[in-house]
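For reference, the structure is listed below as C-alpha coordinates.
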(Lines give C-alpha, C1' and ligand atoms only; values in the text may rest on other atoms or scores of the structure.)
Protein backbone atom coordinates (compact mmCIF):
# COMPACT_ATOMS: atom_id res chain seq x y z
CA UNK A 1 0.00 0.00 0.00
CA UNK A 2 2.81 2.41 0.89
CA UNK A 3 4.63 1.59 -2.35
CA UNK A 4 1.46 2.22 -4.35
CA UNK A 5 1.01 5.61 -2.74
CA UNK A 6 4.59 6.54 -3.60
CA UNK A 7 3.91 5.69 -7.24
CA UNK A 8 0.61 7.55 -7.37
CA UNK A 9 1.71 10.79 -5.71
CA UNK A 10 4.02 11.97 -8.56
CA UNK A 11 1.27 11.24 -11.09
CA UNK A 12 -1.23 13.25 -9.06
CA UNK A 13 1.18 16.16 -8.75
CA UNK A 14 1.69 16.26 -12.52
CA UNK A 15 -2.05 16.02 -13.11
CA UNK A 16 -2.78 18.87 -10.70
CA UNK A 17 -0.14 21.02 -12.41
CA UNK A 18 -1.68 20.26 -15.81
CA UNK A 19 -5.14 21.20 -14.57
CA UNK A 20 -3.91 24.26 -12.69
CA UNK A 21 -4.19 26.80 -15.59
CA UNK A 22 -7.88 25.99 -16.08
CA UNK A 23 -10.37 28.27 -14.37
CA UNK A 24 -13.17 26.93 -12.19
CA UNK A 25 -15.89 26.50 -14.86
CA UNK A 26 -13.54 25.06 -17.49
CA UNK A 27 -11.98 22.69 -14.98
CA UNK A 28 -15.45 21.50 -14.02
CA UNK A 29 -16.34 20.75 -17.65
CA UNK A 30 -13.08 18.86 -18.30
CA UNK A 31 -13.49 16.73 -15.19
CA UNK A 32 -17.17 16.15 -15.96
CA UNK A 33 -16.29 14.88 -19.43
CA UNK A 34 -13.75 12.46 -17.93
CA UNK A 35 -16.23 11.32 -15.31
CA UNK A 36 -18.83 10.77 -18.03
CA UNK A 37 -16.56 8.45 -20.00
CA UNK A 38 -15.35 6.56 -16.93
CA UNK A 39 -18.88 6.31 -15.53
CA UNK A 40 -20.11 4.74 -18.77
CA UNK A 41 -17.25 2.24 -18.67
CA UNK A 42 -18.12 1.38 -15.06
CA UNK A 43 -21.77 0.80 -16.05
CA UNK A 44 -20.74 -1.37 -18.99
CA UNK A 45 -18.38 -3.39 -16.80
CA UNK A 46 -21.01 -3.95 -14.12
CA UNK A 47 -23.60 -4.92 -16.72
CA UNK A 48 -21.22 -7.48 -18.25
CA UNK A 49 -20.42 -8.90 -14.81
CA UNK A 50 -24.11 -9.02 -13.91
CA UNK A 51 -25.14 -10.78 -17.12
CA UNK A 52 -22.33 -13.29 -16.66
CA UNK A 53 -23.41 -14.00 -13.08
CA UNK A 54 -27.04 -14.40 -14.18
CA UNK A 55 -25.98 -16.84 -16.88
CA UNK A 56 -23.98 -18.84 -14.36
CA UNK A 57 -26.57 -18.94 -11.58
CA UNK A 58 -29.95 -19.06 -13.36
CA UNK A 59 -29.04 -19.63 -17.03
CA UNK A 60 -30.35 -16.21 -18.07
CA UNK A 61 -29.28 -14.75 -21.41
CA UNK A 62 -28.68 -11.05 -21.88
CA UNK A 63 -30.41 -10.06 -18.65
CA UNK A 64 -33.76 -11.69 -19.53
CA UNK A 65 -34.60 -13.06 -16.10
CA UNK A 66 -38.28 -13.70 -16.76
CA UNK A 67 -37.51 -16.08 -19.61
CA UNK A 68 -34.93 -17.80 -17.41
CA UNK A 69 -37.41 -18.20 -14.55
CA UNK A 70 -39.97 -19.67 -16.92
CA UNK A 71 -37.48 -22.38 -17.98
CA UNK A 72 -36.22 -23.31 -14.51
CA UNK A 73 -37.62 -26.21 -12.47
CA UNK A 74 -40.04 -25.05 -9.75
CA UNK A 75 -37.64 -25.79 -6.88
CA UNK A 76 -34.85 -23.78 -8.51
CA UNK A 77 -37.26 -20.94 -9.24
CA UNK A 78 -38.39 -20.92 -5.61
CA UNK A 79 -34.95 -21.03 -3.99
CA UNK A 80 -32.76 -18.96 -6.32
CA UNK A 81 -34.00 -15.52 -5.13
CA UNK A 82 -33.80 -16.69 -1.51
CA UNK A 83 -30.22 -17.93 -1.73
CA UNK A 84 -29.09 -14.85 -3.64
CA UNK A 85 -30.66 -12.56 -1.07
CA UNK A 86 -29.20 -14.60 1.80
CA UNK A 87 -25.70 -14.34 0.29
CA UNK A 88 -26.14 -10.57 -0.10
CA UNK A 89 -27.36 -10.25 3.48
CA UNK A 90 -24.42 -12.23 4.82
CA UNK A 91 -22.01 -10.06 2.81
CA UNK A 92 -23.39 -6.82 4.25
CA UNK A 93 -23.79 -8.27 7.75
CA UNK A 94 -20.18 -9.46 7.88
CA UNK A 95 -18.99 -6.14 6.46
CA UNK A 96 -20.77 -4.24 9.22
CA UNK A 97 -19.11 -6.42 11.86
CA UNK A 98 -15.63 -5.93 10.40
CA UNK A 99 -13.35 -3.76 12.56
CA UNK A 100 -12.78 -0.18 11.49
CA UNK A 101 -9.27 0.54 10.23
CA UNK A 102 -7.44 2.48 12.98
CA UNK A 103 -6.60 6.01 11.97
CA UNK A 104 -8.79 5.89 8.88
CA UNK A 105 -10.45 9.11 7.74
CA UNK A 106 -14.03 9.62 8.94
CA UNK A 107 -16.58 9.14 6.18
CA UNK A 108 -20.19 9.94 6.90
CA UNK A 109 -22.14 8.74 3.91
CA UNK A 110 -21.93 4.98 3.74
CA UNK A 111 -22.06 4.61 -0.03
CA UNK A 112 -25.24 6.67 -0.49
CA UNK A 113 -24.55 9.20 -3.25
CA UNK A 114 -27.89 10.97 -2.74
CA UNK A 115 -27.15 11.83 0.87
CA UNK A 116 -23.55 12.66 0.01
CA UNK A 117 -24.71 15.31 -2.48
CA UNK A 118 -27.94 16.52 -0.90
CA UNK A 119 -26.80 16.95 2.71
CA UNK A 120 -23.09 16.14 2.68
CA UNK A 121 -19.81 17.13 1.11
CA UNK A 122 -19.71 14.52 -1.66
CA UNK A 123 -17.49 12.02 0.16
CA UNK A 124 -18.45 8.41 -0.50
CA UNK A 125 -17.15 5.43 1.43
CA UNK A 126 -14.77 3.56 -0.88
CA UNK A 127 -15.42 0.36 1.08
CA UNK A 128 -19.16 0.45 1.70
CA UNK A 129 -20.07 1.51 -1.85
CA UNK A 130 -18.54 -1.49 -3.68
CA UNK A 131 -19.93 -3.85 -1.03
CA UNK A 132 -23.39 -2.45 -1.58
CA UNK A 133 -22.99 -2.84 -5.35
CA UNK A 134 -21.78 -6.42 -4.86
CA UNK A 135 -24.74 -7.26 -2.66
CA UNK A 136 -27.07 -5.73 -5.26
CA UNK A 137 -25.45 -7.91 -7.93
CA UNK A 138 -26.22 -11.03 -5.88
CA UNK A 139 -29.84 -10.01 -5.34
CA UNK A 140 -30.52 -8.96 -8.93
CA UNK A 141 -28.73 -11.87 -10.61
CA UNK A 142 -30.88 -14.40 -8.77
CA UNK A 143 -34.23 -12.81 -9.59
CA UNK A 144 -34.73 -10.21 -6.86
CA UNK A 145 -37.51 -7.79 -7.80
CA UNK A 146 -35.36 -4.66 -7.82
CA UNK A 147 -33.56 -2.65 -10.45
CA UNK A 148 -30.01 -3.36 -11.54
CA UNK A 149 -29.47 0.29 -12.47
CA UNK A 150 -29.16 1.53 -8.89
CA UNK A 151 -25.81 -0.19 -8.44
CA UNK A 152 -24.65 1.14 -11.81
CA UNK A 153 -25.35 4.74 -10.83
CA UNK A 154 -23.73 4.17 -7.44
CA UNK A 155 -20.52 2.88 -9.03
CA UNK A 156 -20.32 5.85 -11.41
CA UNK A 157 -20.85 8.27 -8.50
CA UNK A 158 -18.31 6.39 -6.38
CA UNK A 159 -15.74 6.65 -9.16
CA UNK A 160 -16.36 10.40 -9.44
CA UNK A 161 -15.97 10.80 -5.68
CA UNK A 162 -12.66 8.93 -5.76
CA UNK A 163 -11.34 11.12 -8.59
CA UNK A 164 -12.37 14.28 -6.79
CA UNK A 165 -10.76 13.24 -3.52
CA UNK A 166 -7.52 12.33 -5.30
CA UNK A 167 -7.33 15.71 -7.02
CA UNK A 168 -7.97 17.55 -3.78
CA UNK A 169 -9.41 21.04 -3.19
CA UNK A 170 -9.25 22.07 -6.86
CA UNK A 171 -12.52 20.21 -7.42
CA UNK A 172 -16.11 20.81 -6.32
CA UNK A 173 -16.67 17.32 -4.93
CA UNK A 174 -20.46 17.54 -4.65
CA UNK A 175 -20.77 18.71 -8.25
CA UNK A 176 -18.37 16.03 -9.47
CA UNK A 177 -20.32 13.27 -7.69
CA UNK A 178 -23.52 14.72 -9.16
CA UNK A 179 -21.93 14.51 -12.59
CA UNK A 180 -20.99 10.89 -11.90
CA UNK A 181 -24.58 10.06 -10.93
CA UNK A 182 -25.86 11.73 -14.11
CA UNK A 183 -23.34 9.75 -16.16
CA UNK A 184 -24.41 6.50 -14.54
CA UNK A 185 -28.09 7.15 -15.15
CA UNK A 186 -27.48 8.27 -18.73
CA UNK A 187 -25.43 5.14 -19.47
CA UNK A 188 -27.84 2.77 -17.72
CA UNK A 189 -31.00 4.09 -19.39
CA UNK A 190 -29.54 5.59 -22.60
CA UNK A 191 -31.08 8.88 -21.49
CA UNK A 192 -28.62 11.80 -21.21
CA UNK A 193 -31.23 14.55 -20.84
CA UNK A 194 -33.12 12.66 -18.15
CA UNK A 195 -29.85 11.86 -16.38
CA UNK A 196 -28.98 15.54 -16.22
CA UNK A 197 -32.47 16.53 -15.09
CA UNK A 198 -32.43 13.82 -12.40
CA UNK A 199 -29.47 15.54 -10.83
CA UNK A 200 -30.88 19.03 -11.35
CA UNK A 201 -34.34 18.30 -9.92
CA UNK A 202 -33.52 15.76 -7.21
CA UNK A 203 -29.91 16.18 -6.12
CA UNK A 204 -28.96 19.81 -6.74
CA UNK A 205 -32.39 21.42 -6.90
CA UNK A 206 -31.00 23.98 -9.33
CA UNK A 207 -31.02 24.74 -13.05
CA UNK A 208 -28.20 27.30 -12.79
CA UNK A 209 -25.82 26.95 -15.73
CA UNK A 210 -22.74 26.85 -13.49
CA UNK A 211 -24.15 23.74 -11.78
CA UNK A 212 -25.98 22.15 -14.69
CA UNK A 213 -23.25 22.53 -17.33
CA UNK A 214 -20.84 19.89 -15.99
CA UNK A 215 -23.74 17.54 -15.26
CA UNK A 216 -24.97 17.77 -18.86
CA UNK A 217 -21.45 17.25 -20.22
CA UNK A 218 -20.99 14.15 -18.05
CA UNK A 219 -24.35 12.69 -19.12
CA UNK A 220 -23.73 13.34 -22.81
CA UNK A 221 -20.21 11.87 -22.68
CA UNK A 222 -21.54 8.80 -20.88
CA UNK A 223 -24.26 8.31 -23.49
CA UNK A 224 -21.78 8.76 -26.35
CA UNK A 225 -19.43 6.23 -24.75
CA UNK A 226 -22.29 3.76 -24.32
CA UNK A 227 -23.19 4.08 -28.00
CA UNK A 228 -19.52 3.68 -28.97
CA UNK A 229 -19.42 0.46 -26.95
CA UNK A 230 -22.25 -0.95 -29.05
CA UNK A 231 -25.30 0.16 -27.09
CA UNK A 232 -28.55 1.11 -28.81
CA UNK A 233 -29.85 4.65 -29.01
CA UNK A 234 -32.97 3.80 -26.97
CA UNK A 235 -33.59 1.32 -24.18
CA UNK A 236 -36.92 0.05 -25.55
CA UNK A 237 -37.95 -0.70 -29.11
CA UNK A 238 -41.18 1.13 -29.92
CA UNK A 239 -42.71 1.79 -33.37
CA UNK A 240 -43.34 5.50 -34.14
CA UNK A 241 -46.43 6.82 -32.36
CA UNK A 242 -48.53 9.81 -33.39
CA UNK A 243 -49.38 12.67 -31.06
CA UNK A 244 -52.89 12.01 -29.67
CA UNK A 245 -55.64 14.38 -30.72
CA UNK A 246 -57.56 16.57 -28.27
CA UNK A 247 -60.27 13.97 -27.63
CA UNK A 248 -57.70 11.21 -27.20
CA UNK A 249 -55.59 13.36 -24.86
CA UNK A 250 -58.39 13.85 -22.31
CA UNK A 251 -58.15 10.29 -20.87
CA UNK A 252 -54.38 10.70 -20.71
CA UNK A 253 -54.84 13.78 -18.52
CA UNK A 254 -57.02 11.71 -16.22
CA UNK A 255 -54.24 9.11 -16.22
CA UNK A 256 -51.88 11.85 -15.03
CA UNK A 257 -54.14 12.57 -12.05
CA UNK A 258 -54.42 8.85 -11.33
CA UNK A 259 -50.63 8.58 -11.54
CA UNK A 260 -50.32 11.06 -8.69
CA UNK A 261 -52.71 9.05 -6.52
CA UNK A 262 -51.03 5.76 -7.35
CA UNK A 263 -47.53 7.21 -6.96
CA UNK A 264 -48.31 8.33 -3.42
CA UNK A 265 -49.94 4.97 -2.78
CA UNK A 266 -46.86 3.12 -4.02
CA UNK A 267 -44.63 5.14 -1.71
CA UNK A 268 -46.84 4.29 1.27
CA UNK A 269 -46.94 0.62 0.21
CA UNK A 270 -43.13 0.38 0.15
CA UNK A 271 -42.81 2.24 3.43
CA UNK A 272 -45.32 -0.12 5.06
CA UNK A 273 -43.39 -3.15 3.82
CA UNK A 274 -40.15 -1.72 5.18
CA UNK A 275 -41.87 -1.02 8.50
CA UNK A 276 -43.00 -4.65 8.79
CA UNK A 277 -39.49 -5.97 8.24
CA UNK A 278 -38.04 -3.51 10.74
CA UNK A 279 -40.69 -4.47 13.31
CA UNK A 280 -39.81 -8.15 12.84
CA UNK A 281 -36.28 -7.42 14.15
CA UNK A 282 -34.89 -10.22 12.01
CA UNK A 283 -31.11 -10.30 11.53
CA UNK A 284 -30.11 -8.84 8.18
CA UNK A 285 -29.37 -12.17 6.42
CA UNK A 286 -32.66 -13.69 7.57
CA UNK A 287 -34.63 -10.62 6.49
CA UNK A 288 -33.06 -10.82 3.04
CA UNK A 289 -33.78 -14.57 2.96
CA UNK A 290 -37.45 -14.02 3.79
CA UNK A 291 -37.81 -11.39 1.09
CA UNK A 292 -36.20 -13.72 -1.45
CA UNK A 293 -38.47 -16.60 -0.44
CA UNK A 294 -41.54 -14.43 -1.04
CA UNK A 295 -40.29 -13.59 -4.55
CA UNK A 296 -39.51 -17.25 -5.25
CA UNK A 297 -42.93 -18.39 -4.06
CA UNK A 298 -44.71 -15.77 -6.17
CA UNK A 299 -42.66 -16.76 -9.21
CA UNK A 300 -44.10 -20.27 -9.09
CA UNK A 301 -47.37 -18.73 -10.28
CA UNK A 302 -45.96 -15.74 -12.20
CA UNK A 303 -42.34 -15.88 -13.39
CA UNK A 304 -42.73 -12.22 -14.41
CA UNK A 305 -42.06 -11.19 -10.80
CA UNK A 306 -38.36 -11.94 -11.30
CA UNK A 307 -36.09 -9.03 -12.10
CA UNK A 308 -36.72 -5.33 -12.56
CA UNK A 309 -39.62 -5.60 -15.03
CA UNK A 310 -37.72 -4.72 -18.21
CA UNK A 311 -38.89 -7.77 -20.18
CA UNK A 312 -42.52 -7.27 -19.23
CA UNK A 313 -42.42 -3.60 -20.25
CA UNK A 314 -40.99 -4.53 -23.65
CA UNK A 315 -43.73 -7.14 -24.07
CA UNK A 316 -46.40 -4.53 -23.39
CA UNK A 317 -44.89 -2.15 -25.92
CA UNK A 318 -44.76 -4.83 -28.61
CA UNK A 319 -48.16 -6.46 -28.02
CA UNK A 320 -51.45 -5.69 -26.30
CA UNK A 321 -51.75 -8.15 -23.39
CA UNK A 322 -55.14 -9.04 -21.96
CA UNK A 323 -56.14 -6.87 -19.03
CA UNK A 324 -56.50 -9.96 -16.83
CA UNK A 325 -52.83 -10.80 -17.39
CA UNK A 326 -51.79 -7.22 -16.65
CA UNK A 327 -53.80 -7.08 -13.43
CA UNK A 328 -52.42 -10.39 -12.17
CA UNK A 329 -48.80 -9.58 -12.99
CA UNK A 330 -49.15 -6.11 -11.45
CA UNK A 331 -50.56 -7.49 -8.20
CA UNK A 332 -47.84 -10.15 -7.91
CA UNK A 333 -45.09 -7.71 -8.83
CA UNK A 334 -46.16 -5.17 -6.21
CA UNK A 335 -45.84 -7.83 -3.51
CA UNK A 336 -42.49 -9.01 -4.88
CA UNK A 337 -41.02 -5.50 -5.01
CA UNK A 338 -42.28 -4.75 -1.50
CA UNK A 339 -40.78 -8.01 -0.19
CA UNK A 340 -37.39 -7.38 -1.79
CA UNK A 341 -37.00 -3.71 -0.96
CA UNK A 342 -38.77 -4.01 2.37
CA UNK A 343 -36.24 -6.57 3.53
CA UNK A 344 -33.54 -3.96 2.97
CA UNK A 345 -31.96 -5.72 -0.01
CA UNK A 346 -29.97 -3.21 -2.08
CA UNK A 347 -31.25 -2.34 -5.52
CA UNK A 348 -33.08 0.37 -7.38
CA UNK A 349 -36.82 0.98 -7.58
CA UNK A 350 -36.57 3.09 -10.74
CA UNK A 351 -37.30 0.36 -13.30
CA UNK A 352 -39.82 -1.47 -11.07
CA UNK A 353 -41.69 1.84 -10.85
CA UNK A 354 -41.64 2.09 -14.64
CA UNK A 355 -43.11 -1.42 -14.78
CA UNK A 356 -45.92 -0.50 -12.38
CA UNK A 357 -46.68 2.54 -14.51
CA UNK A 358 -46.65 0.50 -17.72
CA UNK A 359 -49.14 -1.97 -16.26
CA UNK A 360 -51.37 0.84 -14.98
CA UNK A 361 -51.24 2.45 -18.42
CA UNK A 362 -52.16 -0.82 -20.10
CA UNK A 363 -55.12 -1.28 -17.76
CA UNK A 364 -56.22 2.32 -18.43
CA UNK A 365 -56.09 1.66 -22.18
CA UNK A 366 -58.27 -1.43 -21.73
CA UNK A 367 -60.73 0.53 -19.59
CA UNK A 368 -60.93 3.40 -22.10
CA UNK A 369 -61.59 0.98 -24.93
CA UNK A 370 -64.15 -0.90 -22.87
CA UNK A 371 -66.30 2.17 -22.21
CA UNK A 372 -65.96 3.47 -25.77
CA UNK A 373 -63.74 6.50 -25.23
CA UNK A 374 -61.76 7.85 -28.22
CA UNK A 375 -58.58 6.25 -26.94
CA UNK A 376 -55.04 6.57 -28.25
CA UNK A 377 -52.99 3.51 -29.13
CA UNK A 378 -52.24 1.14 -26.23
CA UNK A 379 -48.46 1.84 -26.27
CA UNK A 380 -49.22 5.53 -25.72
CA UNK A 381 -51.05 4.66 -22.51
CA UNK A 382 -48.18 2.39 -21.50
CA UNK A 383 -45.60 5.16 -21.93
CA UNK A 384 -47.73 7.83 -20.23
CA UNK A 385 -48.38 5.43 -17.35
CA UNK A 386 -44.63 4.87 -16.96
CA UNK A 387 -43.99 8.62 -16.89
CA UNK A 388 -46.71 9.57 -14.41
CA UNK A 389 -45.81 6.82 -11.91
CA UNK A 390 -42.18 7.88 -12.10
CA UNK A 391 -43.17 11.52 -11.58
CA UNK A 392 -45.51 10.56 -8.75
CA UNK A 393 -42.75 8.78 -6.82
CA UNK A 394 -39.77 11.03 -7.57
CA UNK A 395 -41.63 14.39 -7.64
CA UNK A 396 -39.47 15.30 -10.62
CA UNK A 397 -41.88 15.87 -13.54
CA UNK A 398 -39.41 17.11 -16.16
CA UNK A 399 -37.00 14.25 -15.48
CA UNK A 400 -39.82 11.69 -15.66
CA UNK A 401 -41.15 13.00 -18.97
CA UNK A 402 -37.67 13.20 -20.51
CA UNK A 403 -36.80 9.73 -19.23
CA UNK A 404 -39.75 8.04 -20.92
CA UNK A 405 -39.26 10.08 -24.08
CA UNK A 406 -35.59 9.08 -24.31
CA UNK A 407 -35.91 5.39 -23.45
CA UNK A 408 -38.64 5.02 -26.10
CA UNK A 409 -37.55 7.62 -28.69
CA UNK A 410 -41.11 8.99 -28.97
CA UNK A 411 -40.55 12.73 -29.33
CA UNK A 412 -44.13 13.32 -30.52
CA UNK A 413 -45.45 12.35 -27.08
CA UNK A 414 -43.33 14.82 -25.12
CA UNK A 415 -46.04 17.53 -24.73
CA UNK A 416 -48.51 14.98 -23.35
CA UNK A 417 -45.87 13.43 -21.12
CA UNK A 418 -44.89 16.80 -19.63
CA UNK A 419 -48.46 17.84 -18.90
CA UNK A 420 -49.40 14.49 -17.37
CA UNK A 421 -46.22 14.39 -15.23
CA UNK A 422 -46.83 17.87 -13.81
CA UNK A 423 -50.35 16.84 -12.75
CA UNK A 424 -49.09 13.59 -11.25
CA UNK A 425 -46.42 15.42 -9.25
CA UNK A 426 -48.84 18.01 -7.88
CA UNK A 427 -51.26 15.33 -6.68
CA UNK A 428 -48.59 13.07 -5.24
CA UNK A 429 -46.85 15.89 -3.36
CA UNK A 430 -50.13 16.82 -1.69
CA UNK A 431 -50.71 13.23 -0.55
CA UNK A 432 -47.10 12.27 0.22
CA UNK A 433 -44.79 15.30 0.58
CA UNK A 434 -41.61 13.23 0.65
CA UNK A 435 -40.40 11.61 -2.56
CA UNK A 436 -38.87 8.15 -2.86
CA UNK A 437 -35.45 9.79 -2.46
CA UNK A 438 -36.38 11.70 0.67
CA UNK A 439 -33.77 14.45 0.34
CA UNK A 440 -36.02 17.33 1.37
CA UNK A 441 -35.10 17.23 5.05
CA UNK A 442 -31.45 17.18 5.97
CA UNK A 443 -32.08 15.41 9.25
CA UNK A 444 -34.55 12.85 7.95
CA UNK A 445 -33.49 9.20 7.82
CA UNK A 446 -33.28 7.59 4.41
CA UNK A 447 -36.89 6.49 3.68
CA UNK A 448 -36.08 4.41 0.65
CA UNK A 449 -36.79 0.71 1.01
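Does residue 257 fit the bill of being in the same structural domain as residue 395 (by TED's automatic domain parsing) and within 19 Å of residue 145 (Cα to Cα)? No. Considering (1) modelled with pLDDT under 90; (2) outside any loop (DSSP other than H, G, I, E, B); (3) closer than 30 Å to residue 216 by Cα, the lone condition that residue 125 does not fulfil carries the number (2). Consider residue 95 carefully, then state whether it is part of a helix (DSSP H, G or I), outside the structural domain of residue 282 (by TED's automatic domain parsing) and buried (at least 17 other Cβ atoms within 10 Å of the Cβ). Taking the combined requirement at face value, the residue does not satisfy it. Please find, among 203, 255, 267, the residue that is surrounded by 19 or more Cβ atoms within 10 Å (Cβ to Cβ) and closer than 15 Å to residue 383 by Cβ. Of the residues listed, the single one that is surrounded by 19 or more Cβ atoms within 10 Å (Cβ to Cβ) and closer than 15 Å to residue 383 by Cβ is 255.
Residue count for segment 147-164 under the criterion of being closer than 17 Å to residue 188 by Cβ and out of contact with any strand residue (DSSP E or B) (no Cβ under 6 Å at 6 or more places or on another chain): the result is 11. Residues of segment 421-446 being surrounded by fewer than 20 Cβ atoms within 10 Å (Cβ to Cβ) and modelled with pLDDT of 90 or more, which ones? Those that are surrounded by fewer than 20 Cβ atoms within 10 Å (Cβ to Cβ) and modelled with pLDDT of 90 or more: 422, 426, 429, 430, 431, 433, 434.
Take the conditions modelled with pLDDT under 95 and within 30 Å of residue 89 (Cβ to Cβ) and apply them to residue 202. Does it pass?
Numbers: modelled with pLDDT under 95: yes; within 30 Å of residue 89 (Cβ to Cβ): yes.
Criteria met by residue 202.
Does residue 294 count as modelled with pLDDT of 95 or more, buried (at least 21 other Cβ atoms within 10 Å of the Cβ) and in a helix (DSSP H, G or I)? So residue 294 fits the description; yes.
Every residue, every condition in (1) under 30 Å from residue 82 (Cβ atoms); (2) touching a helix residue (DSSP H, G or I) at 6+ places or on another chain (Cβ under 9 Å); (3) without any contact (Cβ under 8 Å) to a residue 40 or more places away in the chain; (4) assigned to a helix (DSSP H, G or I), yes or no:
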{"residue": "138", "(1), (2), (3), (4)": "yes, yes, no, yes"}
{"residue": "150", "(1), (2), (3), (4)": "yes, yes, no, yes"}
{"residue": "155", "(1), (2), (3), (4)": "yes, yes, no, yes"}
{"residue": "166", "(1), (2), (3), (4)": "no, yes, no, yes"}
{"residue": "177", "(1), (2), (3), (4)": "no, yes, no, yes"}
{"residue": "186", "(1), (2), (3), (4)": "no, yes, no, yes"}
{"residue": "195", "(1), (2), (3), (4)": "no, yes, yes, yes"}
{"residue": "217", "(1), (2), (3), (4)": "no, yes, no, yes"}
{"residue": "226", "(1), (2), (3), (4)": "no, yes, no, yes"}
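If the condition is being in contact with a helix residue (DSSP H, G or I) (Cβ under 6 Å, 6 or more places away or on another chain) and modelled with pLDDT under 70, then segment 89-117 contributes 109, 110, 111.
The values are calculated or read from the model by the stated rules, or taken from the named source; none is laboratory data. Computed from a predicted structure; not experimentally measured. Every residue, glycine as well, gets a Cβ built from its backbone with ideal geometry; the counts of neighbours run over all protein chains shown.
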